1. Taking region 87-102 as the search range and keeping residues that are over 19 Å from Met40 (Cβ atoms) and either acidic (Asp, Glu) or modelled with pLDDT of 65 or more (or both), which one is surrounded by the most Cβ atoms within 10 Å (Cβ to Cβ)?
2. How many of the residues in region 12-21 are farther than 16 Å from Asn106 by Cβ and in a loop (DSSP other than H, G, I, E, B)?
3. Just for region 60-74: of the residues that are of a type in the set (A, V, I, L, M) and surrounded by fewer than 22 Cβ atoms within 10 Å (Cβ to Cβ), which one is farthest from Phe7 (Cα to Cα)?
4. Which one is surrounded by the most Cβ atoms within 10 Å (Cβ to Cβ), of the residues in region 18-57 that are free of Cβ contacts under 8 Å to residues at least 40 places away in the same chain and of a type in the set (D, E, K, R)?
Amino acid sequence: MNRQIKFRAWDNVDFMTKPFTLEEVVMGSVRFTDKDSTLMQYTGLKDKNGKEIYEGDVVATLRGNRIVIYDEPAFFLAKSLLGYLEVDWFSTPTIDEEVIGNIYENPELLDNDKVIK
């Protein structure tokens with residue numbers, strides 16, 4: 001199964017774009033006004049509610065909130081707010097955890113390592 005390569009962008013001020021594909025950028029239907037925008041790639045996974053999971057998302061898990069990050073060479077990890085890395089819950093196409101925000105629009109989620117459900 002091939003996953004769709006999608007992104008979203010944060011303008012580093014106050015706006016998150018809707019998801020878009022590379023093809024849309026090439027065709028010119030998506031344009032960036034801010035060259036310093038932060039791109040976040042879709043992981044190919046969805047949370048328990050069917051919401052797509054992107055880099056920079058904060059996911060509530062049984063062990064606390066986790067930040068989704070991309071790690072070389074080519075896979076996504078869930079990083080504890082305390083600095084630990086976990087990969088066990090990324091083994092299934094749909095995970096039981098829930099996206100509760102992202103590090104750009106919800107920086108307050110980075111203040112603790114508590115489960116917020």
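1. Within region 87-102, the match that is surrounded by the most Cβ atoms within 10 Å (Cβ to Cβ) is Asp96.
2. Qualifying residue count, region 12-21: 3.
3. It comes out as Leu62.
4. Glu55
The values are calculated or read from the model by the stated rules, or taken from the named source; none is laboratory data. The structure displayed is predicted, hence computed values, not measured ones. FYI the Cβ positions are ideal-geometry reconstructions off the backbone, even for glycines, and counts take in every protein chain you see.
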